[in-house]
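K.L.:
Submitted below is the structure of interest, expressed as structure tokens.
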Amino acid sequence: HCPVVAERFSPTPWCWGGRLQTLVCAALKSRPPVSYRNELIRTVDGGQISLDWVDNQASVTYPESSTRPTVLILPGITGNSQQSYVLHAVSQATRHGYRCVVFNNRGLGGEELLTPVTYCAANTSDLECVVQHVKGLYPTAPVLGAGVSLGGMVLLNYLAHKRTESGLVAGITISVPWDALKFSSSMEEPLNWLLFNRHITKSLHQILNRHRKILEKVVDVDYVLKARSIREFDERFTSLMFGYNSCMDYYRDASPGKKLPNTRVPIQCLNAADDPFSPQSAFPVSIVQDLPNVALVLTAHGGHIAFLQGFFPRGESYMERLFGQFVHAVFEHPKEIKRACGIKEEQMKD
């Protein structure tokens, strides 16, 4: 049901390298118009999460809101519902008649922090809260999780932790860093540090500064702001925020590759071998080979959240087409997909 997988992916001819694909995508990618309905929900610890909904009330395929399938989207490390890749995913899903909801991590998407707690790749409690909320609103509507980069790490860690009780019928990830330590080391290579690491670290600083008043209750904000890399930021902030003894402990816990055998739903993962964020040596190829429910789609080129095609790569690309086909396959052919994944009938009740 995903014919794009059988295609030979031909990247934009003047944009072969992974770094160039990543940069060009960020600069040139189109932004489909999307109108969201925002909802703020509370967490058990008193925090709040911002959800951006596209209800798709005009859906011809699923006119009944109660049964309309829902795509739950998890953006990347500093991303929100306005990222171009999120807008394209929403455009694809709504075109098929589905509902979408974007899970903005705490402190992102214009949300204020009510408690001195943020987010990380290993912590899945907020995602569990969101899934329970969505399932509570639409108990009979199937929900598929779609995670991009760090959002994909959170999704896979959640699916591995919850197993058959995830509340999700399937998952799809794009450009997941499979090993957090190898991701960090790759991002510290001189060119990658200059092009990507420095920019992301600066964005993390901006988030920290925006919520300085409440976060300075638990961390030395000025010390954290001196971090010059993502790893230094995680050493000084993230690992401490979530109770890890060291950054290495956090990175081990955040890496989803070895946890895949615990997952129990159909999962499709797209990665490029030239992704500067996720080195090829980290891909869990040998693990996936023994898992009937996980498909690892690897391309030689494509960069990080890019996969650009055509001479003028502004519109939909391989990444968007694969996403659209997989989502459609899961929602329209659920029993067939699950049987192909070796999932038993009693597991189909989620």
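K.L.:
Ordered by packing density, taken as the mean number of other Cβ atoms within 10 Å over each peptide's residues, highest first, how do 285-296, 79-90 rank? Walk me through the intermediate numbers first.
P.N.:
Details: 285-296: 15.2, 79-90: 21.8.
Per-residue Cβ counts within 10 Å, averaged per peptide and sorted highest first, yield 79-90, 285-296.
K.L.:
Rolling a 1.4 angstrom probe over the protein heavy atoms, how many square angstrom per residue are accessible across segment 34-76? Numbers along the way, then the final one.
P.N.:
Working: 1950 Å² over 43 residues.
Counting only protein heavy atoms, the per-residue value for segment 34-76 is 45 Å².
K.L.:
While we're on this one: Enumerate the amide H contacts of A273 below 5 Å, restricted to partners 5 or more residues apart or on another chain; note that Pro and chain-start residues carry no placed amide H.
P.N.:
Distant-sequence amide H within range of A273: T299, A300, H301.
K.L.:
Just name one of F196, F237, N209: the one whose Cα is farthest towards the positive end of the charge dipole of segment 180-254 (beta-carbon charges, Lys/Arg +1, Asp/Glu -1).
P.N.:
So the residue furthest toward the plus end is N209.
K.L.:
Please calculate the 1.4 Å probe accessible area of K217, with all protein chains present, and give it to the nearest 10 Å².
P.N.:
Number for this one is 150 Å².
K.L.:
Still on this model: How many nm separate the modelled label positions at R95 and T140, each set 7 Å beyond the Cα in the direction of the Cβ?
P.N.:
Reported label-point gap for R95 and T140 is 3.0 nm.
K.L.:
Around Q268, which amide H atoms from residues at least 5 apart in sequence, or from another chain, sit under 5 Å from its own amide H, with H modelled in the peptide plane?
P.N.:
Close amide H contacts, sequence-distant or interchain: G171, I172, T173, A295.
K.L.:
Another question, then. What ranking do 310-316, 161-167 get when scored by the average of other Cβ atoms within 10 Å per residue, highest first? Don't jump to the answer; show the numbers that get you there.
P.N.:
Numbers: 310-316: 13.7, 161-167: 16.4.
Top to bottom by mean Cβ count within 10 Å: 161-167, 310-316.
K.L.:
Further question: Using the Cα centre as the reference, give the magnitude of the dipole from point charges on the C-beta atoms of segment 121-208 (Lys, Arg: +1; Asp, Glu: -1; all else neutral), rounded to the nearest 20 debye.
P.N.:
100
K.L.:
Please report the carbon-and-sulfur percent of the accessible area for segment 180-254; probe 1.4 Å, protein heavy atoms only, DNA, RNA and ligands left out. Please list the in-between numbers first.
P.N.:
Numbers: 2100 of 4040 Å².
With neighbouring chains kept in place, the figure for segment 180-254 is 52 percent.
K.L.:
For segment 274-350, with every protein chain kept in place, what is the accessible area per residue (1.4 Å probe, Å²)?
P.N.:
Values: 3610 Å² over 77 residues.
So segment 274-350 comes to 47 Å² accessible per residue, rounded to a whole number.
K.L.:
Counting helices only, and only those DSSP H runs with n ≥ 4, report the 222 nm mean residue ellipticity of the chain as the sum of -39,500 (n - 2.57) divided by its residues, in deg cm²/dmol to the nearest 500. Please report the intermediate quantities before stating the final value.
P.N.:
Details: 13 runs with 116 residues, N = 350.
That comes out to -9500 deg cm²/dmol.
K.L.:
Per residue, how many Å² of accessible area does segment 180-254 show with a 1.4 Å probe? Don't skip to the end; give the middle numbers.
P.N.:
Details: 4040 Å² over 75 residues.
Using a 1.4 Å probe on heavy atoms only, each residue of segment 180-254 averages 54 Å².
K.L.:
So, one more: To the nearest 20 debye, what charge dipole does segment 176-217 have about its Cα centre, counting +1 at the Cβ of each Lys and Arg and -1 at the Cβ of each Asp and Glu? Intermediate values should be presented prior to the final figure.
P.N.:
Values: 7 positive and 4 negative charges, 79 e Å.
So the dipole magnitude of segment 176-217 works out to roughly 380 debye.
The values are calculated or read from the model by the stated rules, or taken from the named source; none is laboratory data. This structure is a prediction, so every number in the text was calculated from the model and none was measured. Quick reminder, even Gly has a Cβ in these numbers, built from the backbone with ideal geometry, and neighbours come from all protein chains shown. We work out accessible area using only protein heavy atoms, side chains counted, and drop any ligands, DNA or RNA first. Shrake-Rupley method; radii C 1.70, N 1.55, O 1.52, S 1.80 Å.
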